[in-house]
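Contents: one structure, followed by commentary.
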Amino acid sequence: MFRDDLLKDKVILVTGGGSGLGQSMAKRFGELGAKLVLAGRRPDPLEETATAIREASPGAEVLTHPCDIRNPDQVDAMVATAVEKLGRVDHLVNNAAGNFLAQAEGLSAKGFDAVVRIVLHGTFHCTNAVGKHMIERGGGGSILSIVTTYAWTGSAFVLPSACAKAGVLAMTRSLAVEWGRYDIRCNAIAPGPFPTEGAWSALMPDPSMEEQHKKRIPSRRFGEHIELTNLASYLLAEESGYVNGECVTIDGGEWLMGGEFNHLTAMPSNVIDGVFGMMKARRDASRAKRRGEGESG
Ligand code: HXC
Ligand code: NAP
């Protein structure tokens, strides 16, 4: 679809670059000649991704930087290291996120914060740090944020995520105008469902629900990572230089059928509580297991 050198020597920072869609985007950008900075909290997935990119694209420069985007000092240090080692940052991809299914009335303040501090505050910290660098450097650049279609429709059972993604979309459009004069473009992608371990464990109550879910998508299938990574590559490339302040939906037409998780309101509240509670217990158990393995290893 693209020239092999579409993103040649562009320095691209991908948050959440060690897993899921962030990993797929980083790999695709590497194939198209980019130099990469991969950020996330866990070092191992970042290293594994960097190794895979170097193997697939010999000569590719990949810097990994464990960083919690909720912490502005860590974000500033990451951007400073990227600039020191790779000379500059041309593009930022705000991809890192957290999410879970919960009934709003049962959410604690900490539960709300847990998602909003990653998605909205973390995205602001990265955007602010990279934006300042781009403005000081004077060479322009672009910022691409991964939101969701419920950023504008809202959705039942993902209130913190919907609020935070709506904020990121507002940030994108606000800065597209404010930073246009610096030749910094700000765009977003709103994906529908693309299978990833992170999203599925947070949002798909049971594998048996996949087929039902597909029926609510006009294209009757989930997205393929290459479809999203090609869209992201286009939006970063110079060839899309006049696209600014745009949010491109890639969801097989899903959002036109209604808010992402609204259909679950058909179930009684106590059944929903049981299903979501089971999902939380499963996630807590797998996290405890990972921590246990980390300690013993
Ligand atoms: C209710 C929950 C909960 C759940 C956590 N909390 N999980 N409440 N239901 N399932 C509450 C806790 O009880 C606690 O509040 C507070 O949140 C903080 O919990 P921690 O476990 O300490 O949070 P933390 O370690 O900061 O982890 C953040 C996280 C976690 C978001 C909960 O899942 C995470 O780090 N996720 C990153 C990966 C991820 O989620 N990827 C999915 C992206 S998919 P109390 O009051 O009890 O102390 C995506 C797709 C969008 O975004 C669109 C799809 C179409
Ligand atoms: P994922 O694999 O769980 O990705 C989330 C990434 O964010 C992880 O790599 C995680 O790494 C990182 N992260 C979380 N908190 C962080 C923090 N505080 N600091 C730094 N990094 C952090 O899920 P995904 O499905 O690929 O989602 C990627 C993006 O696409 C998200 O913005 C999501 O909202 C969006 N999206 C996904 C879908 C879908 O169907 N998959 C649909 C719509 C939108 P660590 O845990 O190591 O920090």
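The values are calculated or read from the model by the stated rules, or taken from the named source; none is laboratory data. Since we're looking at a predicted model, the values are computed, not measured. FYI the Cβ positions are ideal-geometry reconstructions off the backbone, even for glycines, and counts take in every protein chain you see.
Couple of notes before you dig in:
- Residues that are within 15 Å of ligand 1 (Cβ to nearest atom), of a type in the set (D, E, K, R) and surrounded by 16 or more Cβ atoms within 10 Å (Cβ to Cβ), drawn from segment 68-117: D68, R70, R117
- Residues in segment 77-125 that are away from ligand 2 (no atom under 15 Å from the Cβ), assigned to a helix (DSSP H, G or I), touching a strand residue (DSSP E or B) at 6+ places or on another chain (Cβ under 6 Å) and under 22 Å from C186 (Cβ atoms): L86 only.
- When A82, A170, A96, A164 are checked against the criterion of being modelled with pLDDT of 95 or more and under 24 Å from T265 (Cβ atoms), A164 stands alone in meeting it.
- Scope segment 19-57; condition within 16 Å of ligand 1 (Cβ to nearest atom), free of Cβ contacts under 8 Å to residues at least 40 places away in the same chain and crowded, with 21+ Cβ neighbours inside 10 Å; matching residues: Q23, L38, L46, T49
- Candidate set: segment 181-220, residues that are over 25 Å from Q103 (Cβ atoms) and of a type in the set (V, I, T); chosen: the one nearest to ligand 1 (Cβ to nearest atom): I189
- Filtering segment 15-72 to residues that are more than 14 Å from ligand 2 (Cβ to nearest atom), out of contact with any helix residue (DSSP H, G or I) (no Cβ under 9 Å at 6 or more places or on another chain) and either at pLDDT below 95 or charged (D, E, K, R) (or both) leaves E55, P58, G59.
- Taken over segment 258-275, the criterion of being part of a helix (DSSP H, G or I) and more than 23 Å from the chain's Cα centre (by Cα) is satisfied by H263, L264, T265, A266, S269, N270, V271, I272, D273, G274, V275.
- Unmet requirement for A237, which otherwise passes all of (1) over 24 Å from G122 (Cα atoms); (2) surrounded by fewer than 17 Cβ atoms within 10 Å (Cβ to Cβ); (3) at pLDDT 95 or above: (2)
- Residue match in segment 135-143 (condition: touching a helix residue (DSSP H, G or I) at 6+ places or on another chain (Cβ under 9 Å) and within 16 Å of ligand 2 (Cβ to nearest atom)): yes
- Here V130 meets the list (1) within 12 Å of ligand 1 (Cβ to nearest atom); (2) over 25 Å from I272 (Cβ atoms); (3) in contact with a helix residue (DSSP H, G or I) (Cβ under 7 Å, 6 or more places away or on another chain) almost entirely, failing just condition (1).
- Subset of segment 169-207 that is within 16 Å of ligand 2 (Cβ to nearest atom) and part of a strand (DSSP E or B) - its residue that is nearest to A151 (Cα to Cα): A190
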